[in-house]
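Visitor: One structure is given below, represented as structure tokens, and several questions about it will come after.
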Amino acid sequence: MEAVYTLIEMVVKNIVVVLVLMGFVAYTTLLERKLLGRLQVRPGPNRVGPFGLLQPLADGVKSFFKEDIIPDEADKTIYVLAPGISLFAALSMFAVIPFGGTITLLGREINLVIANIDTGLLYLLAMATLGEYGVVLGGWASGNKYGVLGALRAAAQMISYEVALGLAVIGTIILAGSLNLGEIVAAQEGMWFIVKYPFGFIFYLVAGLAEINRTPFDMPESESELACGFNIEYSSMKFATFMIAEYAHMFTVASIVTTLFLGGWMGPWLPGPVWFLIKVFAVIFFFIWERGTYPRLRYDHIMQFGWKVLLPLTLLNVVVTAALVALGVL
Amino acid sequence: MIGIGIGFKWFIFVVAALVATGSSLMMVTRKNPIHSALWLIVTFFSVAILYVLLNATFIAVAQVMVYAGAIMMLVLFVIMLIHLEWGAQWTSSRSFAKLMGGIITIMLFLQILAGVFTYSSVGQHGIYSAQKLAELGNTRAVGGLLYGKYVFAFEVASILLLVGIVGAVLLARKRKD
């Protein structure tokens, strides 16, 4: 009987988390458009519903009724699969992130994380690489030269920044002594890792921005030179799926930053999930803010920065952090 | 309860093993190199599932991260960069390379079959049982072995990789004429 209850708990938890996550993702798009508007001294979307609050719904309905085009030159199977791969990876990354402690519901202790696995951090890195396949394959399968260029850029950028991303989180592993995200959160009780390990936080933010292809690293879809790059041929729900995946990925990366460096769900007075959301949206606010602030970098500059600046710095950071921990300073 | 657990494991093993064999067959028979690369990713995934069934979660995740993620991304990048996907076709249907490849494959297959049918022992038992691994933590166990008992082999492997990188940089360097 216990097994059945566990199964029901897992299923319900999955469904609830995915639905809530999708809701937040939908409203992240509105937040981005509103904030970007304010940053550029214009009101942003404000026609659909009060303060434009129904805009995500309207966007969803609109893209649903658009004509779905598959180009003649496209590799049909991969063209259809690519947005799904993106969304799958972005959503499944969220599975290992703890968004609260334990709550008691109907006499059962429920752990507020979907999968509490031993190698959670590595799982996140693995899934992050898979997410990029959606972009690369989507661009290639469109049979469009701009699409292929976007795909190539996405692949090169991912290979370059994945290394720095992995090296940036090693410090947190050293400090927490675990790859389990729950234990990493627990290790930050009293002192967040952003205080102990500030450079790792900065490097992770930079490499994370490159991973989710946001300005200044939005090479795969740079409108001004590639005419939207990898998603140039996509329309209707496939395009919308790419968009949802992009924002879900942004939400997930913000959650990872929160979990690894900002003390996760822990905080005084308020319940865990509320603290978690506050911190996540603070990070998302930063992502939107910097998008409104910085111009796009040039492609070769991004590559040079990744290999010649970020990689040596993150390596040095790992060595210094390990030495400080060994000496007992941290 | 244990019976159901083992049955479920057996079921997952059969599915993962079938997918692994099927996708590797698909990989070697596709004309388009991009499709081959994608089937290879599927193979890596199903092999990762087999590792999970063997209680080697660290190896499984590392396999997905390094092989299915980074290395295959590099392979895709190279295929797209030099436009292999519209070029590489066999000019003749019966070439010498195909014949040799076939012979070698059949020999290897027979060798494996002979191994399976003559060697009955299930292999050596290591010191790490499933219970001990769960107690110690998978990553900790692998890390302890890599940086303890096998540190020499580990360092040799890393130097080998470093030599590879240096060689690649040397080849790609612009010559000053």
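The values are calculated or read from the model by the stated rules, or taken from the named source; none is laboratory data. It should be emphasised that the depicted structure is a prediction, and the values quoted were computed from it without experimental measurement. Because the Cβ atoms are built from the backbone with ideal geometry, glycine has one as well, and the counts that use them run over all protein chains shown.
Visitor: Name every residue in segment A:27-45 that is polar (S, T, N, Q) and within 15 Å of A:ASP59 (Cβ to Cβ), in order of residue number. Spell out how you get there, then give the answer.
Guide: Step one: list which residues in segment A:27-45 are polar (S, T, N, Q), which gives A:28-29, A:40.
Correct list: A:THR28, A:THR29.
Visitor: Any residue in segment A:268-287 that is in contact (Cβ under 8 Å) with a residue 40 or more places away in the chain and on the phi > 0 side of the Ramachandran plot?
Guide: For segment A:268-287, residues in contact (Cβ under 8 Å) with a residue 40 or more places away in the chain and on the phi > 0 side of the Ramachandran plot: absent.
Visitor: If A:PRO71 satisfies every condition in (1) over 19 Å from the mean Cα position of the chain (by Cα); (2) modelled with pLDDT of 85 or more but one, which is the exception?
Guide: Evaluating A:PRO71 over (1) over 19 Å from the mean Cα position of the chain (by Cα); (2) modelled with pLDDT of 85 or more leaves (2) as the failure.
Visitor: Shifting gears a bit: Restricting to segment A:171-195, and then to whatever is more than 9 Å from every other protein chain (Cβ to nearest Cβ) and polar (S, T, N, Q), can you tell me which residue is surrounded by the fewest Cβ atoms within 10 Å (Cβ to Cβ)?
Guide: A:GLN188
Visitor: Answer yes or no as to whether A:THR102 is farther than 29 Å from A:PRO312 by Cβ, touching a Leu at 6+ places or on another chain (Cβ under 9 Å) and among the β-branched types (Val, Ile, Thr).
Guide: Working: farther than 29 Å from A:PRO312 by Cβ: yes; touching a Leu at 6+ places or on another chain (Cβ under 9 Å): yes; among the β-branched types (Val, Ile, Thr): yes.
Yes, satisfied.
Visitor: Find the residue count for segment A:146-170, including only residues that are within 10 Å of chain B (Cβ to nearest Cβ) and out of contact with any Pro (no Cβ under 8 Å at 6 or more places or on another chain).
Guide: Of the residues in segment A:146-170, 10 are within 10 Å of chain B (Cβ to nearest Cβ) and out of contact with any Pro (no Cβ under 8 Å at 6 or more places or on another chain).
Visitor: While we're here: When you look at A:PHE88, is it crowded, with 19+ Cβ neighbours inside 10 Å and either part of a loop (DSSP other than H, G, I, E, B) or under 17 Å from the mean Cα position of the chain (by Cα) (or both), yes or no?
Guide: No, not satisfied.
Visitor: Another one. Yes or no: segment A:1-16 includes at least one residue that is in a loop (DSSP other than H, G, I, E, B) and either surrounded by fewer than 15 Cβ atoms within 10 Å (Cβ to Cβ) or touching a helix residue (DSSP H, G or I) at 6+ places or on another chain (Cβ under 7 Å) (or both).
Guide: First pass over segment A:1-16, keeping only residues in a loop (DSSP other than H, G, I, E, B): A:1.
If we keep only those that are either surrounded by fewer than 15 Cβ atoms within 10 Å (Cβ to Cβ) or touching a helix residue (DSSP H, G or I) at 6+ places or on another chain (Cβ under 7 Å) (or both) too, we end up with A:1.
Scanning segment A:1-16 turns up at least one residue that is in a loop (DSSP other than H, G, I, E, B) and either surrounded by fewer than 15 Cβ atoms within 10 Å (Cβ to Cβ) or touching a helix residue (DSSP H, G or I) at 6+ places or on another chain (Cβ under 7 Å) (or both).
Visitor: Are any residues in segment A:36-59 surrounded by fewer than 18 Cβ atoms within 10 Å (Cβ to Cβ) and in a helix (DSSP H, G or I), and if so, which ones? First the steps, then the outcome.
Guide: Filtering segment A:36-59 for residues surrounded by fewer than 18 Cβ atoms within 10 Å (Cβ to Cβ) gives A:36-43, A:46-51, A:53-54, A:57-58.
A:LEU36, A:GLY37, A:ARG38, A:LEU39, A:PRO50, A:PHE51, A:LEU57, A:ALA58 - these are the residues of segment A:36-59 that are surrounded by fewer than 18 Cβ atoms within 10 Å (Cβ to Cβ) and in a helix (DSSP H, G or I).
Visitor: Could you please find all residues in segment A:103-131 being more than 7 Å from every other protein chain (Cβ to nearest Cβ) and either of a type in the set (D, E, K, R) or crowded, with 23+ Cβ neighbours inside 10 Å (or both)?
Guide: Answer for segment A:103-131, where residues must be more than 7 Å from every other protein chain (Cβ to nearest Cβ) and either of a type in the set (D, E, K, R) or crowded, with 23+ Cβ neighbours inside 10 Å (or both): A:ARG108, A:GLU109, A:VAL113, A:GLY120, A:LEU121, A:LEU124, A:MET127, A:ALA128, A:GLY131.
Visitor: Starting from residues that are surrounded by fewer than 23 Cβ atoms within 10 Å (Cβ to Cβ) and not aromatic (Phe, Trp, Tyr), keep the ones in segment A:199-210 and report whichever is nearest to the chain's Cα centre (by Cα).
Guide: Among residues in segment A:199-210 that are surrounded by fewer than 23 Cβ atoms within 10 Å (Cβ to Cβ) and not aromatic (Phe, Trp, Tyr), the one nearest to the chain's Cα centre (by Cα) is A:LEU209.
Visitor: Ok, one more. Which of the residues belonging to segment A:188-221 are basic (Lys, Arg) and assigned to a helix (DSSP H, G or I)? Show your work before the answer.
Guide: Keep residues of segment A:188-221 that are basic (Lys, Arg), which gives A:196, A:214.
Answer for segment A:188-221, where residues must be basic (Lys, Arg) and assigned to a helix (DSSP H, G or I): just A:LYS196.
Visitor: Being over 15 Å from the mean Cα position of the chain (by Cα) and part of a helix (DSSP H, G or I) is the filter here, so list the residues in segment A:74-85 that pass it. So that I can check it myself, show each step before the final result.
Guide: As a first pass, look at segment A:74-85 and keep what is over 15 Å from the mean Cα position of the chain (by Cα): A:74-84.
Hits for segment A:74-85 are A:LYS76, A:THR77, A:ILE78, A:TYR79, A:VAL80, A:LEU81, A:ALA82, A:PRO83, A:GLY84.
Visitor: Looking at A:GLY264, is it surrounded by fewer than 21 Cβ atoms within 10 Å (Cβ to Cβ) and touching a residue at least 24 places away in the same chain (Cβ under 8 Å)? It would help to see each step written out before you state the result.
Guide: On the way: surrounded by fewer than 21 Cβ atoms within 10 Å (Cβ to Cβ): no; touching a residue at least 24 places away in the same chain (Cβ under 8 Å): yes.
Here the answer is no, as A:GLY264 does not meet what is asked.
Visitor: So, in segment A:60-82, of the ones that are in contact with a Gly (Cβ under 6 Å, 6 or more places away or on another chain) and within 14 Å of chain B (Cβ to nearest Cβ), which residue ends up surrounded by the fewest Cβ atoms within 10 Å (Cβ to Cβ)? Lay out the reasoning, then the answer.
Guide: Residues of segment A:60-82 in contact with a Gly (Cβ under 6 Å, 6 or more places away or on another chain): A:71, A:73-74, A:82.
Next cut, within 14 Å of chain B (Cβ to nearest Cβ) only: A:73-74, A:82.
Values: A:GLU73: 12, A:ALA74: 20, A:ALA82: 29.
Per the criteria, the residue is A:GLU73.
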